[in-house]
1. In what sequence, largest accessible area first, do Asp337, Asp755 appear using a 1.4 Å probe?
2. Over the residues of region 355-488, compute the C-alpha Rg and express it relative to 2.2 N^0.38 Å.
3. Pairs Lys380/Lys464; Lys208/Lys625; Lys73/Lys330; Lys587/Lys673; Lys465/Lys625; Lys587/Lys625: which are spaced more than 18 Å apart, C-alpha to C-alpha?
4. Quick one: accessible surface of Ser47, probe radius 1.4 Å, all protein chains present, in square angstrom to the nearest 10.
5. Within region 125-144, name every residue whose backbone N is under 20 Å away from a label modeled 7 Å from Cα of Leu342 along the Cβ vector.
6. Using a basic spin-label model with each label point 7 Å from the Cα along Cα→Cβ, how many nm lie between Glu662 and Leu71?
7. Taking a temperature of 10 °C and a viscosity of 1.306 mPa s, what whole-number D in µm²/s does Stokes-Einstein yield for region 83-190 with Rh from Kirkwood over alpha carbon pairs?
8. For labels at Ala298 and Leu138 in the simple 7 Å Cα→Cβ model, what's the distance in nm?
Amino acid sequence: MSTTTATAASLLTTTAAAATPSATGSVRATAQAGVFEGLNPSVYNASDPLVLFIIQATIVIALTRLLYWPLAKIREPRVIAEVITGIILGPSVMGRIPGFTAAIFPPAGMAPFRLVANIGLVLFLFLVGLEINLSYLLSNWRIALSVAALDMTIPFGMGIAVAYGLYNQFASEPGTAPISFGIFALFIGVAMAITAFPVLCRILTSLKLLNTTVGVIVLTSGIANDVVGWVLLALCVTLVNAGAGITALYVFLVSVGYSLFLAYAVRPTFMWVLRRTKSLENGPTEGVVALTIFMVLASSFFTSIIGVHSIFGAFMVGLMCPHEGGFAIKLTEKIEDLTSTLFVPLFFALSGINTNIGLLDSGIVWGYVFAIIFVAFFSKLIGGALGARMNGLVWRESFTIGTLMSCKGLVELIVLNIGLQARILSTRTFTMFVIMALVTTFATAPLVSWLYPPWYQQKLELWKKGKIDWDGNPILRPDGEDPEEKYRQGDTATRLLVYLRTDGLSSILGLLSLFTSAGATATSASSLTDQSGNEKSNAATDVATPQLAQRPLRIQGYRLVELTDRNSSVMKVSDIEDYAAHDPIVKAFGTSTASNTSRDVIVSGQIAVVPEGGFADTLATQASKSNSDLILVPWSETGSVSEVQNYYGGSLKGSNALENREFVTLVTDVFNKSRFLTSVGVFIDRSLFEMGNKNHGTSGDDSNTKTVGIARQLTRDATGISLAETQDLGAAKFHSADGRGRKIVRVLYKRGEDDLFAVRLGYQLAQSDKVSLEVIVEASFHSDSGEENEFAALKSVITETSPTNVTFVNTKDAAGSVQALLALPEDSSTVSHSSLNSSSSSVLVIVGRSVSLLAESKAESGAAAGSSSSSSSAGGSTAAVLGTTASRLAAEIRKGAVGEKAKVSVLVVQGKRSGVAVTSGPVGEDGKGQGGGGGGGGALRRKTSHDSMESRYA
């Protein structure tokens, strides 16, 4: 009794002491002042796990970005950097430092990290499904099935053989579930046969192969491989999680029923919501994004509770989402940044943390590592190569496809993590396969660059077209025609490839109007009027007239969009057909070009999504594929390659737009890469010459008005817009067609192929009643006999066929030539300066680039640079890209203001050089005539966006 009383008294005393405030504060609430009260942020606190998670995420993201910087230089995917980050932070490297793992990645603190990583995995698998366009697979299903079948069955069979040794050697290790060999073999077979479709898209895009025959076959086969692989993996996980055979059957049937429910019940309802909210046309609204995320989470929840991994539910919702109207691309843009920046690196870093290279501690283990790598690579290589060869491709193309299909990447890592979580794999076998995934992914891009380099692609294309033999020798055509006859056969440029830019669209449309109006007079009469007004018969014209009338002008707009690391950027490439159909610039180009034409015009529009450094090569390649006669490139009005004007930096105010280093490099590359493929014309709108003249007025009563900002945009000649005569800067005046007057085209001829092409192009534009051509012939340079004969023949044809609207002016030197090119039109000599801004006084100057003359004209180049207000280095840069003549002309235009000089736009042209340009390289082992080269082309149906698309804007 006394003992009970003492115990009760002790409890009461303790309770009272706890309830009474203490002066010393020995019993206090949880510390709220953080580090000021001695809190250690690296110690895991279950009540506030965010602090340690921020430390972990910051380390992972920073190290991933640091490792990816050098890997990006060699075109390696980011997943390699993410996995290597995890390996460095895991037990293989940093984990060997005492106390590191306990402080940064303690076992108790990994639960929040793993939770966020798995949320990222669910969202990422949704984006993977969203990236797959099943309609693309259906349109090329024959090739996809033939290549994917062999590319899966051979690795699957060889994977089972490897699985037999792995099962007997490592199946009893700690951390593995007691499963049968059949289930283990099924998992290893899937791990060997699967292909990383997302990484494959990025490699194809970075190597500019996505729109080639190789790219189309790999893309379609990769889609089929991915879909089948995920189905087999889901079956494998179902068999592991099911306790009995009947349970596995139930899970499988419910999974099939759920897939049908998504396809035939959820998708139609979702499409109704998208049409009701106009999300297909205008992009997903905030409510649609929320609905989509809800479906992803709900689907992941359902597949998880029925015994299938949660990622399969997210993947099926991604497959369900439509691609019409670019909806999939726009939805990806809403979700991808946070997912790829935070969530995905955490998951793949977690894969690396779970990897322990220290477990590879014996010769037998390393023997299995090499065996796994060998089987994973060569089985895919053989399967893909045989499948491609069966479709008629040459051996080198076939081996390229097999190498691409061997890429494992992030999909393989996801499969391995599922196997680790399902306890199919031990940590040791998991590490083996992670090393295999890294090696095969890392080797893909370098091997493809070696097997299928650009010079070989160009050679193979020319060989298929019959332009060269297999050894690279040009197949020459007989050439014994009359030198004058080739100039009577038709226009110089009837196939135009136009580089579309938002900043230069209006000016380039004005230039194209000269091409579309040319030919109006050629179809009107078979007799000509001489200088005295008498009609004379011209048999040559009678022959040329029907040819000019019957040959349509083909104009292809080509818009270049920069490729980034975002998923949406890659999706724009794979879904380029839908993306191009809804691009406003392409649509506006087609509508504007097809109107008000004087001849038959076929207009098409395409988009290419490539890295900025590949813009020039893409234009040259497309010109070669489409047999273009001329590439037209408008000069940048934004001050850079970017089409977006910098309204805040003011980079163009007071600066010379021709001195932008980025765009100068682009134009130089276009000239160099197209030298033997097609002719090139760089168009410089007259407004660009006025950008640096901040105090330059518009003359007349508005002499104090600065030609910057809105005023510059309203003085373009191309659209027929003039400055508003009122003080309303937002107003614009449009001239009627009759009031615009004649267009004046002036061409300078010194010597060389470029100048000769400039005269021929000016002659083509002069085939219109509203165009006058002035050919300025400079006598300071003396051509050789061949060039003199060419020019004499061309001059003879021009004089015979166009005597009324063509004049030849002889000058003695460069100064006289520049003065003649910039002189006021004769019908404008008495007009007030204020009217010079109107379209009636517009002048187009066409000059040859003739960069080869720089060495002989060094003194003239120095004079041009000295007369310019820019520095000598900048002047040299302009002369190097545009040529001496254009550089001097630009300098005179800029310093001449209005005065007695006309306002001119300049077209700098480079003629196509004769011969076939094939970069020398080793001859492949294909041999002559093997497979016919293009045999696969008959069975392959490309997207219409990669064809001519001639009728889109007809």
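The values are calculated or read from the model by the stated rules, or taken from the named source; none is laboratory data. This is a predicted model, so every value here is computed, not measured. All Cβ positions, glycine included, derive from the backbone under ideal geometry; neighbour counts span all protein chains shown. Accessible surface is based on the protein model in full, side chains and every heavy atom, while ligands, DNA and RNA are left aside. Shrake-Rupley method; radii C 1.70, N 1.55, O 1.52, S 1.80 Å.
1. On the way: Asp337 65, Asp755 10 Å².
Largest accessible area first, the list is Asp337, Asp755.
2. Here the answer is 1.66, to two decimals.
3. As for pairs spanning more than 18 Å Cα to Cα, those are Lys380/Lys464; Lys73/Lys330; Lys587/Lys673; Lys587/Lys625.
4. Result for Ser47: roughly 100 Å² accessible.
5. 125-128
6. The modelled label-to-label distance comes out at 2.7 nm.
7. Details: Rh = 18.2 Å.
Value of D from the Cα-based Kirkwood radius: 87 µm²/s.
8. 2.5 nm
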